[in-house]
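Below is one structure, written out as structure tokens; the observations come after it.
Every read-out reported here was derived from the displayed coordinates using simple, explicitly stated rules and does not represent laboratory data. Bear in mind the structure is a predicted one, so any value in this text is a computation, not a measurement. Cβ placement follows ideal geometry from the backbone for every residue including glycine, while neighbour counts extend to all protein chains displayed.
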Amino acid sequence: MSYVDEVLERVKAKNASEPEFLQAVEEVLESLRPVIEANEEKYRKEALLERITEPDRQLKFRVPWVDDKGQVQVNTGYRVQFNNSIGPYKGGLRLHPSVNIGIIKFLGFEQVFKNSLTGLPIGGGKGGSDFDPKGKSDREVMAFCQSFMTELCKYIGADVDVPAGDIGTGAREIGYMFGQYKRIRGMYEGVLTGKGLTYGGSLARTEATGYGLLYITEELMKCHGESMEGKTVVVSGAGNVAIYAIQKAQQMGAKVVTCSDSTGWIYDPEGIDVALLKEVKEVKRARLTEYAAARKSAEYHEGRGVWQIKCDIALPCATQNELLIDDAKQLVANGCKAVCEGANMPTTLDATKYLQDNGVWFICGKASNAGGVATSALEMSQNSERLSWTFEEVDAKLKQIMVNIYHNIDDAAKRYNMEGNYVAGANIAGFEKVAEAMLAQGVC
């Protein structure tokens, strides 16, 4: 049995109740086969794959807090510090009812390779809680965030582990957490990214994941003799990533005709009105029904369905496993040329394979949504230097990072005779740097 198959069997046996984590590990290790086979004896002796698929540590803790009625509520908090071979642990905090240890482990594992691809010195980690900020008052969100950070602060620091935002964790939540960290530790340091501009945040951080997604998509199109101008784009999601992906795509001359949330989706053949979408989602924190009510050209549909709309480019920006095999077949039938992931692992393995087998250019999230964490690392740099760069400076650095990522994953795929397989290219390029660092540092 090959080394890859041995490790996959072992990981499946140890983590049988964590399907998202197993999916992420299988996708990465399968695409790394040629790299592993070329170094099998060395990697096996060093147990490299066993070490890279096992987190350095997993933290699970109780988060008690008091709601506005005086009732004590209890949630579960998590932080998985996966791998710090190339820098401090770095990765977001997800606040959503679906959060469990398997999801946090899958996100942390993906983060190791994503952060490696940025070219910046940051390791991989992830955290969060099954707390749902939707429908909660500011005081309730503050009470939860303060309780969450009271425990988490024992394990993080500017040179140890630097969390950021993720689904459900925006500037409000980061602010409350930062205040509590500062209060308990008595230190003012860049321990969190995604902070407000008045206390160490970076310009362009809010836009970074969505903008970065479009910078790599634009480079992909350009290298295939195409441009964004005049293209029809479908986007899923209506959160931070989706909003700024829509904004940047339209600035590039494309027309974005869909967005979605957890209850339904919008089709707007005249193009999504970004200002209205921001008002509905960022100001009112309302459902997309309000967007449809305010815009005559928009149609609102319950459930899911953005992938049935004819498009040139599809950008899944919502959550994991949202683009299924039937959606992939619909996209191919409608002539879609490119799928670039704005979310973490939004495309199932069979859907990914179908898209690749049918000639769709496909870039996975660990490459295409790396703009957020890249700009978080730029925020860390500014905090360390006690400087603040302009929006244009950060945006230019972000664009260069995303263009570099495209060419690095393209080159890696070509080196192993898999030209055009950007999933394999991303996994190989991310893995090689981490593996080299792990081997150089000995058994640790």
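Quick rundown of the values:
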{"read-out": "Subset of Lys12/Lys114; Lys231/Lys414; Lys278/Lys337; Lys222/Lys399 violating a 20 Å alpha-carbon distance limit", "value": "Lys12/Lys114; Lys231/Lys414; Lys278/Lys337"}
{"read-out": "Highest-MSF residue in the chain out of Gln356, Gln58, Gln71 [GNM, Cα springs under 10 Å]", "value": "Gln71"}
{"read-out": "Top of Thr390, Thr206, Thr118 by mean-square fluctuation, Gaussian network on the chain, Cα under 10 Å", "value": "Thr390"}
{"read-out": "DSSP beta bridges in the stretch 257-413 [antiparallel fraction, %, rounded to 5]", "value": "55"}
{"read-out": "DSSP beta bridges in the chain [antiparallel fraction, %, rounded to 5]", "value": "55"}
{"read-out": "MRE, 222 nm, helices only [DSSP H, n ≥ 4, -39500 (n - 2.57), over the chain, to nearest 500]", "value": "-14500 deg cm²/dmol"}
{"read-out": "Fewest-first sequence of Phe178, Phe131 by Cβ atoms within 10 Å of each Cβ", "value": "Phe178, Phe131"}
{"read-out": "Most mobile of Gly123, Gly135, Gly91 in a GNM of the chain (Cα contacts under 10 Å)", "value": "Gly135"}
{"read-out": "Pairwise Cα inverse-distance average, inverted: Kirkwood Rh of the chain (Å)", "value": "22.0"}
{"read-out": "Normalised convex hull volume, the stretch 189-248, alpha-carbon set, Å³ per residue", "value": "100"}
{"read-out": "The stretch 1-141, relative contact order [Cα under 8 Å, separation at least 6], %", "value": "24"}
{"read-out": "The chain, relative contact order [Cα under 8 Å, separation at least 6], %", "value": "15"}
{"read-out": "Cα centroid separation - the stretch 203-220 against the stretch 77-97, whole Å", "value": "22"}
{"read-out": "Computed P(r) (all Cα pairs; the stretch 55-192; 10 Å bins; percent)", "value": "13, 46, 33, 8, 1"}
{"read-out": "Mean Cα-pair separation over length for the stretch 158-216, i.e. relative contact order, pairs under 8 Å, 6 or more apart, %", "value": "33"}
{"read-out": "At q = 0.09, 0.11, 0.15 Å⁻¹, base-10 log of I(q)/I(0) for the stretch 300-421 (Debye sum, equal scatterers on each alpha carbon)", "value": "-0.32, -0.47, -0.77"}
{"read-out": "Isotropic mean projected area of the C-alpha convex hull, the stretch 207-368 (nm²)", "value": "8.1"}
{"read-out": "Kirkwood hydrodynamic radius over Cα pairs of the stretch 309-348, then Stokes diffusion coefficient at 25 °C and 0.890 mPa s, in µm²/s", "value": "245"}
{"read-out": "Loop-located GluC sites (Glu not before Pro) in the stretch 259-290, at most 16 other Cβ atoms within 10 Å (DSSP)", "value": "Glu270"}
